[in-house]
Amino acid sequence: MPLDVHKIADGDAVVVRVAGDLDVATAADLWPHLVGSIEAGQVNIVIDCSDVTFLDSSGIAVLVRGLRAVGPVGGSFRLREVGQRVLEVLTITSLTEVFLDDAELRRATSGQ
């Protein structure tokens, strides 16, 4: 399944809505969208995962790369609307606290 990416400005952040499998075949497709945002000065990035159907180590790698790119310029990088499959991968890799704020973690673990 190809990756579908849309960016929407939301206050001082840019929301990057990702749909499809974020995996070895598609993870590299997300990177140019992240770089484009950062180069445009949009360093507060929120990845909307409501339509992410699968996440593997390649997907995790591009998310970590995005996080590392915004850190030195004072930005933030968070995930929202994570589903059960994405939450499982974040939990297994001990990245829930890295990518999810407290409210999102509560929402994701409550299943709502």
Check your understanding: Can you give the extra length, in nm with one decimal, that the chain gains between Ser110 and Ser50 once fully stretched, where that is 0.36 nm per residue apart less the Cα-Cα distance?
Key -> 20.1 nm
Practice item. For the chain, just list the percent of Cα-Cα distances falling in each 5 Å bin from zero outward, please. Key: 2, 13, 25, 27, 21, 11, 2, 0
Review point. So what is the relative contact order of the range 4-101, in percent, for Cα pairs below 8 Å that sit 6 or more residues apart?
Key: 28
**Study point:** Paramagnetic reach from Val98 in the range 50-72 [backbone N under 15 Å; point 7 Å along Cα→Cβ]
**Key:** 56-72
Point to revise | Potential extension, Arg85-Ile8 segment - 0.36 nm per residue separation minus Cα distance | key: 25.3 nm
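Read-outs: derived from the displayed coordinates by stated rules, not from any lab. Just so you know, these numbers come straight off a predicted model, no measurement behind them. FYI the Cβ positions are ideal-geometry reconstructions off the backbone, even for glycines, and counts take in every protein chain you see.
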